Amino acid sequence: MSNFIDRLLGRDQRSARQAKERMKLVLIHDRTDLTPGALESLKDELIAVISRYIEIDPNAVDIQVSHEGREQRLIADIPLSSARRKKLG
Amino acid sequence: MTGKVVTVTSGKGGVGKTTATANLGAALAASGSKVVCLDADIGLRNLDVVLGLENRIVYDLVDVIEGRCRLRQALIRDKRLPELFLIPAAQTRDKSAISPSDMVRLCHELREEHDWILIDSPAGIERGFRNAIAPADIALVVTNPEVSAVRDADRIIGLIEAEEKGPARLVINRIRPNMVRRGEMLSPEDVLELLAVELIGMIPEDENIITSTNRGTPLVLDGKSRAGQAFRNIARRLNGEVVPFMDLNEESFFGRITRFIRPGGK
């Protein structure tokens, strides 16, 4: 019953789900040997390099490691800002 | 005859490698194959006691490798299953007493006279693991539905792939269906999704494992237990049969009675 109330109130903190979410992140970092800190500095440097060529919004950059089966993939989503072009037009 | 070498490994200790090796060996031998179980956990041997053969050891793995006895002399025949043999680990040496190429040579010789060579790997990812995986045709990874075992299994699966011994096949051991139902234990589906490997068996937690180990009689020799049935199914899958996975949610008669008496309990 208490489980049911928890779920109604959106408080579903059942431990198996927590374990799975935590393991997803841990395994990505174990497999790539990339700590969250290293990923963060990779992101900063990437933004710096790209900014030298084109204008981007640093806050909109999204970089993550995704996986399909046991294959890892680094995915960077970098929206180009169109502010300048708009001004010129 | 060219036998297949199956290495049973896990990364983490205590997840049930030795129990799995003993039961798979007994199940394969009971179905008519000629089987050797080889304990590669030098210095921490246990396969002998789990199989109930501890009183019959004269020579061990290191004696064979170092030439103090012939291979035949180190093979202990199980009297209950005449097709089942054990090569025990040495107890007073360490993992560096043998090398991966020693294991490859030994298994090459064993393949000629046996259908299956099951190697019980030590925990860890160092020398002992490398010795155990070197001769493998098939790598089985045993894990439990808990975070530390899953994490270590992932690590060992990566190493198996790096050694080109993959794809590893997964045994999920000690599943507690009641806890899975309540959402308080990783389900087999969760574990498979995290590890992304092929499943070869799911074993429910079963008290009979403890009592059968106490007696030194592999559980597969007892027809009734659920865990024994699950191990027999893995043995059949190793033989190439397609065996549907057991429904772990199917409750025992006793479980249903308990729930009837104490609704909502457990």
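The values are calculated or read from the model by the stated rules, or taken from the named source; none is laboratory data. Since the structure is predicted, the reported quantities are computational estimates derived from the model, not experimental observations. Neighbour counts are summed over all protein chains in view; Cβ atoms, including those assigned to glycine, are modelled from backbone coordinates with ideal geometry.
Here are the numbers for the structure shown:
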| read-out | value |
| --- | --- |
| Among residues of segment B:22-47, those that are more than 12 Å from B:GLN91 (Cβ to Cβ) and basic (Lys, Arg), counted | 1 |
| Which listed residue is surrounded by fewer than 18 Cβ atoms within 10 Å (Cβ to Cβ) and over 20 Å from A:ASP30 (Cα atoms), from B:ASP120, B:ASP206, B:ASP137 | B:ASP137 |
| Candidate set: segment B:140-151, residues that are buried (at least 23 other Cβ atoms within 10 Å of the Cβ) and in a helix (DSSP H, G or I); chosen: the one farthest from the other protein chains (Cβ to nearest Cβ) | B:ALA149 |
| Per-region count, segment B:47-75, residues closer than 14 Å to B:ASP102 by Cβ and in contact with a strand residue (DSSP E or B) (Cβ under 9 Å, 6 or more places away or on another chain) | 5 |
| Single condition B:GLU184 does not satisfy, out of (1) within 14 Å of chain A (Cβ to nearest Cβ); (2) crowded, with 17+ Cβ neighbours inside 10 Å; (3) in a loop (DSSP other than H, G, I, E, B) | (2) |
| A:LEU39, sole failed condition from (1) at pLDDT below 85; (2) more than 11 Å from every other protein chain (Cβ to nearest Cβ) | (1) |
| Residue count for segment A:15-57, restricted to those that are part of a helix (DSSP H, G or I) and acidic (Asp, Glu) | 5 |
| Among residues of segment A:33-47, those that are closer than 14 Å to A:VAL65 by Cα and surrounded by 15 or more Cβ atoms within 10 Å (Cβ to Cβ), counted | 3 |
| Residue among A:SER81, A:SER66, A:SER51 that alone is more than 30 Å from B:ARG176 (Cβ to Cβ) and modelled with pLDDT under 80 | A:SER81 |
| Unique residue being more than 14 Å from every other protein chain (Cβ to nearest Cβ), of a type outside the set (S, T, N, Q) and more than 24 Å from B:PRO244 (Cα to Cα) when the list is B:ARG174, B:ARG155, B:ARG130 | B:ARG130 |
